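Here is the structure we will look at, set down as structure tokens.
The values are calculated or read from the model by the stated rules, or taken from the named source; none is laboratory data. All of these numbers come straight from a predicted model, not from anything done at the bench. Cβ placement follows ideal geometry from the backbone for every residue including glycine, while neighbour counts extend to all protein chains displayed.
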Amino acid sequence: MASAILASLFHPSEVLALVQYKLAPKTKYNYSNDKARERLYHHLNMTSRSFAAVIQDLDEELKDAICLFYLVLRGLDTIEDDMTIDLETKIPVLNTFHEIIYQKGWTFTKNGPNEKDRQLLVEFDVIIEGFLKLKPAYQTIIADITKRMGNGMAHYATAGIHVNTTADYDEYCHYVAGLVGLGLSEMFSACGFESLVVAKRKDLSNSMGLFLQKTNITRDYLEDLRDDRRFWPKEIWGLYAEKMEDLVKPENCDKAKQCLSHMVWNAMGHIKDVLEYLEMIKNPSCFKFCAIPQVMAIATLNMLHNNYKIFTHENIKIRKGETVWLMKESDNIDKVAAIFRLYAREINKKSDPLDPHFVNIGVACGEIEQICVGKYPGSTAELARLQAGVMAGTSGSIITAAAVVAGAVALKSTFA
Ligand code: D61
Ligand code: MG
């Protein structure tokens, strides 16, 4: 907490959000009257870096179903991601995972010792128990998406198959993330929280996943390369280097940054759909659940843009304070549109006129502004309010002073 406040010291609204978050009552989720359920949420909190909080804030009707949707797919992904499992073992498990989730007692112990989510599969019988207790309608949606994702993962795990074209890139991201969007939309419509139109808009649902996944893939260049996973499409990196790993060489620094802005621009192509999707979502708990990962993604893209550290450091993240602030602010479409406008402007400011994608990114940022001003006029006042907190300008300095006091109080309570 203390280090998070320090990191946000020049962002008073983040300090405020951190302090509010710290002081908020913590007894919200209590599963101790149901041991099996407690175990499920234990696994959710152990395996998820950002989804645990938003899933636990969902309305009761959807909470367990989406928690299990997450855990099933995280289990599948933990098999996909582990490069120590040989393909003869891996591919059949990926292809049959939609059947495995109906087999009481199934567990998997062939993950390498360093696989971070290994324990989830060691205790996968717990997840299967929970899955089998869901309403059949939710089980069917989860099994269908699991089947399609597992088959897609198996295809891309096959020796000699790579993400070559940008069409492959969209297809791979559809399998591992777009399908999650489709399944979630089906759940929202099936439970009656959202209109049936939401499930029908598969294009927009897919884009929700693609924007998140492409942002992750762009960020994780170095980590994936280290483990010999390559998700940047050759059609893109091939314009800047002979081999993908050549981008890390110091002499290729300029080419690497150009390649990075190509990847950032490619991801930005989904933002229009993301806003259109969020505009459809009426249930407040579904809205926050959908919006928070998306605003975190644009904040992450902003951090990546023109940032050479992608090629030299693993694990670059947005500030904790920024995350908490975004979670607090993402509760209606006007505020979310304001956040997108704010980051689009930041991205535009960071662009280098000598970059070949300078104009493309400028146009993409301009489009975000144009769409938001046209469709969400309320976002203009929200943007002004956000900027007052973000910048330590004239009005910001008053907030800064208040935030520093609040920060000091929090620091004191941390050490007390
Ligand atoms: C609204 C709200 C949340 C949404 C959404 C719409 C649309 C799509 C998604 C969430 C999925 C976003 C995936 C982006 C993060 N990428 C990963 O976790 C990668 O693995 C992909 C395969 C497993 C997907 C698991 C998942 C994730 C979020 C969910 C969910 C299932 C179910 C319900 C709700 C949210 C990435 O994982 C690496 C790692 O984190 O270890 C990878 O392997 O590429
Ligand atoms: Mg994966």
Query raised in the report: Are any of the residues in the stretch 21-44 more than 16 Å from ligand 2 (Cβ to nearest atom), in contact with a Ser or Thr (Cβ under 9 Å, 6 or more places away or on another chain) and at pLDDT 95 or above?
Result: yes
Requested in this report: State whether one or more residues within the stretch 104-111 are loosely packed, with under 15 Cβ neighbours inside 10 Å and on the phi > 0 side of the Ramachandran plot.
Outcome: yes
Report task. For ASN315, state whether it is outside any helix (DSSP H, G or I), closer than 30 Å to ALA24 by Cα and among the polar types (S, T, N, Q). Result -> yes
Report task. Within the stretch 127-149, identify whether any single residue is at pLDDT 95 or above, outside any helix (DSSP H, G or I), away from ligand 2 (no atom under 12 Å from the Cβ) and touching a Leu at 6+ places or on another chain (Cβ under 7 Å), and answer yes or no. Result -> yes
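Would a scan of the stretch 221-230 turn up a residue that is closer than 30 Å to LEU62 by Cα, in contact (Cβ under 8 Å) with a residue 40 or more places away in the chain, under 20 Å from the mean Cα position of the chain (by Cα) and part of a helix (DSSP H, G or I)?
Checked the stretch 221-230: no residue is closer than 30 Å to LEU62 by Cα, in contact (Cβ under 8 Å) with a residue 40 or more places away in the chain, under 20 Å from the mean Cα position of the chain (by Cα) and part of a helix (DSSP H, G or I).
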Query raised in the report: Is one or more of the residues making up the stretch 153-166 at pLDDT below 95, at negative phi and not in a helix (DSSP H, G or I)?
Result: yes
Report summary line: Picked from the stretch 63-86 (must be more than 24 Å from the chain's Cα centre (by Cα) and within 15 Å of ligand 2 (Cβ to nearest atom)), the residue nearest to THR140 (Cα to Cα) is ILE85
Query raised in the report: Consider ARG229 against the criteria (1) within 16 Å of ligand 2 (Cβ to nearest atom); (2) surrounded by fewer than 21 Cβ atoms within 10 Å (Cβ to Cβ); (3) within 14 Å of ASN266 (Cβ to Cβ): it satisfies all of them except one. Which criterion is unmet?
Result: (3)
Query raised in the report: Of the residues that sit in the stretch 205-226 and are over 30 Å from GLU186 (Cα atoms) and of a type outside the set (Ser, Thr, Tyr), which one is nearest to ligand 2 (Cβ to nearest atom)?
Result: ASP224
**Report entry** Long-range neighbours under 6 Å by Cβ, at least six apart or interchain, first residue farther than 12 Å from ILE127 by Cα within the stretch 69-81, second not in a helix (DSSP H, G or I)
**Finding:** THR78/ASP117
Requested in this report: Return the only residue of THR158, THR140, THR47 being β-branched (Val, Ile, Thr) and touching a Lys or Arg at 6+ places or on another chain (Cβ under 6 Å).
Outcome: THR47
Query raised in the report: Hey, does the stretch 86-98 have a residue that's within 14 Å of ligand 1 (Cβ to nearest atom) and closer than 23 Å to ASP228 by Cα?
Result: yes
Query raised in the report: Among the residues of the stretch 103-121, is there at least one that is out of contact with any strand residue (DSSP E or B) (no Cβ under 8 Å at 6 or more places or on another chain), assigned to a loop (DSSP other than H, G, I, E, B) and of a type in the set (Ser, Thr, Tyr)?
Result: yes
Query raised in the report: Is it fair to say ASP144 is within 14 Å of ligand 1 (Cβ to nearest atom), among the acidic types (Asp, Glu) and touching a His at 6+ places or on another chain (Cβ under 8 Å)?
Result: yes
Report summary line: Restricted to the stretch 24-83 and to residues being of a type in the set (Lys, Arg) and assigned to a helix (DSSP H, G or I), the residue nearest to ligand 1 (Cβ to nearest atom) is ARG74
**Report entry** Subset of the stretch 231-250 [free of Cβ contacts under 8 Å to residues at least 60 places away in the same chain, assigned to a loop (DSSP other than H, G, I, E, B) and hydrophobic (A, V, I, L, M, F, W, C)]
**Finding:** LEU239, ALA241
Requested in this report: Taking the residues in the stretch 118-140 that are more than 10 Å from LEU71 (Cβ to Cβ) and within 14 Å of ligand 1 (Cβ to nearest atom) as candidates, determine which candidate is surrounded by the fewest Cβ atoms within 10 Å (Cβ to Cβ).
Outcome: GLN119
Report summary line: Residue count, the stretch 201-231, condition among the hydrophobic types (A, V, I, L, M, F, W, C), under 13 Å from CYS173 (Cβ atoms) and in contact with a helix residue (DSSP H, G or I) (Cβ under 7 Å, 6 or more places away or on another chain), comes to 5
Query raised in the report: Taking the stretch 57-76, which residues are in contact with a helix residue (DSSP H, G or I) (Cβ under 9 Å, 6 or more places away or on another chain) and surrounded by fewer than 17 Cβ atoms within 10 Å (Cβ to Cβ)?
Result: ASP57, ASP59
